[in-house]
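S.K.: Structure below; questions to follow.
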Amino acid sequence: MPTIVPKENIDEQRTVDVLNIIKASHRLNGIAIETPLQRNVNLSDKYEANVFLKREDLQVVRSYKIRGAYNLMSNLTSVQAQNGVVCASAGNHAQGFAHSCRLLGIKGKVYMPIPTPSQKIKRVTQLGKEMVEVVLVGDTFDDASAEAKSYAKEHNKVFIPPFNHPLVIEGNGTIGYEILEQFNGEIDYLFLPIGGGGVSAGVGTYLKPLSPNTKIIGVEPEGAPSMWEAFRQGKVVTLQNIDTFVDGAAVKQAGQLTFSICKNILDKIQLVPEGKVCTFILDMYNDDAIVVEPAGVLTIAALDFFKEEIKGKNVVCLISGGNNDIQRMPEIKERSLIYEGIKHYFIINFPQRAGALREFLDKVLSPNDSIAHFEYAKKNNRVKGPALVGIELDKKENYEMLIKRMNDNGIDYTLVNENPSLFSFLI
């Protein structure tokens, strides 16, 4: 049974601190499970370090988001709870919100971006049952958030933010409480994912004063560097365009409160390319049978940038979520192959004569290369006909020889991978 802890004023502007995180841990007792902190043999061997994974993907909602949502919602007054609540989310916060609504008997409305993976939408309805209504709107989290806040204000409902609130941050901070309780020894490096900054602010707030020698590294997707840009400019900024692939961490603007906390506790922010994220999703599944979502694997993907620093060190990586839609796996594999330099797309102008394709196969491709994609329509009124060709190499080192053979044989080609506009249009 949950421990009874006195309620706090949800509108109170106060400093997020260790004491309030401890209170939140008692409030969440029996609600959020104490997830394991596991030493990962494969990663430890790969990086010659002791790499531990904090498995928040094993929560009932498959992410840490139950911690912040419940901690805030359990502090609502009876009038606020009866009137209902609203949230905006790219997926995981919505699940924590929905589960909290059901546990607390509070009606809620969830605004989610239209591109949200169907698996996450389904999970929200499963967790919330009749207590939750889902509304799909906009292309990004920020679009959905604007609509949710407008609706909440118009109908006098409490908006439950995903990261930028003291009680949410303190709920997230209970992960740090558990890590220090579970780990026997000194933690040299702690890697935390960043979207809006709620989990980094919370965990960092707890760890920094109690484990001052731990280097805390925040990790963001390269295509949505909202906190990184805030650090660079010294203030919260709104990004004009972001890559929403890492949907659990793709926000245009970091939180004002989370930024004010993170700037004092994070030692560094590391950006990770989306393609590398995809590679590590596949590696975690193939090597450890761990299903992890893009945002959930950010911290592990960041280890490549710290290979020399972490040798012989104790390293903790937070796996923030495991809500990955199996239907995304073809896209994940594709992005990984392109990032790793294995798969390349070309527009090739073939001569309009018999045998042109056979010559290309014989003279250009090596025995271990393969045609992974081919689109061609014969044009009778042209000397040459363009084809979109995807070539998958045996290993990335073969790329230079492939290009050399194409040049030596006079192949008329355009590399699509290096043209973002052309790539997005054709692929």
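S.K.: Within segment 330-372, count every residue that is touching an Asp or Glu at 6+ places or on another chain (Cβ under 7 Å) and either on the phi > 0 side of the Ramachandran plot or surrounded by fewer than 15 Cβ atoms within 10 Å (Cβ to Cβ) (or both).
M.R.: 2
S.K.: Hey, among the residues in segment 286-299 that are crowded, with 19+ Cβ neighbours inside 10 Å and outside any helix (DSSP H, G or I), which one's farthest from the chain's Cα centre (by Cα)? Working first, answer last.
M.R.: Residues of segment 286-299 crowded, with 19+ Cβ neighbours inside 10 Å: 290, 292-299.
Now drop any that are not outside any helix (DSSP H, G or I), which leaves 290, 292-294.
Numbers: Ile290: 15, Val292: 9, Glu293: 7, Pro294: 4 Å.
So, considering only residues that are crowded, with 19+ Cβ neighbours inside 10 Å and outside any helix (DSSP H, G or I), the one farthest from the chain's Cα centre (by Cα) is Ile290.
S.K.: Could you tell me whether any residue of segment 168-191 is of a type in the set (Gly, Ala, Ser), under 22 Å from the mean Cα position of the chain (by Cα) and farther than 26 Å from Val297 by Cβ?
M.R.: Applying the first criterion (of a type in the set (Gly, Ala, Ser)) to segment 168-191 yields 171, 173, 176, 185.
Subsequent filtering for residues that are under 22 Å from the mean Cα position of the chain (by Cα) retains 171, 173, 176.
Next, only the ones that are farther than 26 Å from Val297 by Cβ stay: none.
Taking every residue of segment 168-191 in turn, none turns out to be of a type in the set (Gly, Ala, Ser), under 22 Å from the mean Cα position of the chain (by Cα) and farther than 26 Å from Val297 by Cβ.
S.K.: Same structure again: Residue by residue through segment 245-265, note down the ones that are buried (at least 24 other Cβ atoms within 10 Å of the Cβ) and within 23 Å of Asp325 (Cβ to Cβ).
M.R.: Residues satisfying the conditions are Val246, Asp247, Gly248, Ala249, Ala250, Val251.
S.K.: Now for a separate question. Please report, ordered by residue number, the helices (runs of 4 or more DSSP H) entirely within segment 87-169 with at least 3 residues that are hydroxyl-bearing (Ser, Thr, Tyr). Full working, then the answer.
M.R.: Values: elements: 92-104, 118-128, 141-154.
By residue number, 141-154.
S.K.: Could we say that Tyr151 is aromatic (Phe, Trp, Tyr) and either closer than 26 Å to Ile31 by Cα or not assigned by TED's automatic domain parsing to the domain that holds Gly91 (or both) here? Walk me through it before giving the result.
M.R.: Values: aromatic (Phe, Trp, Tyr): yes; either closer than 26 Å to Ile31 by Cα or not assigned by TED's automatic domain parsing to the domain that holds Gly91 (or both): no.
In short, no.
S.K.: Which numbered condition in (1) closer than 21 Å to Ile114 by Cα; (2) touching a Ser or Thr at 6+ places or on another chain (Cβ under 7 Å) is the only one that Ile261 fails?
M.R.: The failed condition is (1).
S.K.: With (1) within 17 Å of Pro221 (Cα to Cα); (2) surrounded by fewer than 24 Cβ atoms within 10 Å (Cβ to Cβ); (3) of a type in the set (Asp, Glu) as the list, and Asp283 as the residue in question, which single condition is left unmet?
M.R.: (1)
S.K.: Among the residues in segment 153-173, are any of a type in the set (D, E, K, R) and within 30 Å of Asn241 (Cβ to Cβ)? Full working, then the answer.
M.R.: Within segment 153-173, the first condition is being of a type in the set (D, E, K, R), and the residues that meet it are 153-154, 157, 170.
Subsequent filtering for residues that are within 30 Å of Asn241 (Cβ to Cβ) retains 153-154.
Yes; the residues of segment 153-173 include at least one that is of a type in the set (D, E, K, R) and within 30 Å of Asn241 (Cβ to Cβ).
S.K.: Look at segment 111-130 and say how many of its residues are within 14 Å of Asn323 (Cβ to Cβ) and in contact with a Gly (Cβ under 9 Å, 6 or more places away or on another chain). Even if it seems obvious, please write down each step before you answer.
M.R.: Filtering segment 111-130 down to residues within 14 Å of Asn323 (Cβ to Cβ) leaves 112, 116-127.
Keeping just the survivors that are in contact with a Gly (Cβ under 9 Å, 6 or more places away or on another chain) gives 112, 116-117, 119-121, 123-124, 127.
Total meeting the criteria: 9.
S.K.: Testing Gly248 on (1) in a helix (DSSP H, G or I); (2) without any contact (Cβ under 8 Å) to a residue 40 or more places away in the chain; (3) touching a Gly at 6+ places or on another chain (Cβ under 7 Å), one condition comes back false. Which one is that?
M.R.: Failed condition: (2).
S.K.: Taking segment 77-115 as the search range and keeping residues that are of a type in the set (S, T, N, Q) and surrounded by 22 or more Cβ atoms within 10 Å (Cβ to Cβ), which one is farthest from Ile66 (Cα to Cα)? If you could, list the steps in order and put the result at the bottom.
M.R.: Our first condition is that a residue be of a type in the set (S, T, N, Q); within segment 77-115, this holds for 77-78, 80, 82-83, 89, 92, 95, 100.
Within this subset, residues satisfying the condition of being surrounded by 22 or more Cβ atoms within 10 Å (Cβ to Cβ) are 89, 92, 95, 100.
On the way: Ser89: 13, Asn92: 9, Gln95: 7, Ser100: 7 Å.
Looking at the filtered set, the residue picked out is Ser89.
Listed here are the residues, each with its yes/no results for (1) under 23 Å from His93 (Cβ atoms); (2) crowded, with 20+ Cβ neighbours inside 10 Å.
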| residue | (1), (2) |
| --- | --- |
| His165 | yes, yes |
| Asn172 | yes, yes |
| Phe183 | no, no |
| Val199 | yes, yes |
| Leu210 | no, no |
| Asp243 | yes, no |
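S.K.: Can we say Leu19 is assigned to a helix (DSSP H, G or I) and either free of Cβ contacts under 8 Å to residues at least 40 places away in the same chain or crowded, with 24+ Cβ neighbours inside 10 Å (or both)?
M.R.: yes
S.K.: Does Val41 qualify as being more than 19 Å from Glu178 (Cα to Cα) and assigned by TED's automatic domain parsing to the domain that holds Asp188?
M.R.: Working: more than 19 Å from Glu178 (Cα to Cα): yes; assigned by TED's automatic domain parsing to the domain that holds Asp188: yes.
So Val41 passes the test.
The values are calculated or read from the model by the stated rules, or taken from the named source; none is laboratory data. The structure presented is a predicted model; accordingly, all values stated were derived computationally and were not measured. Note: ideal-geometry Cβ built from the backbone for every residue, glycine included; neighbour counts use all protein chains shown.
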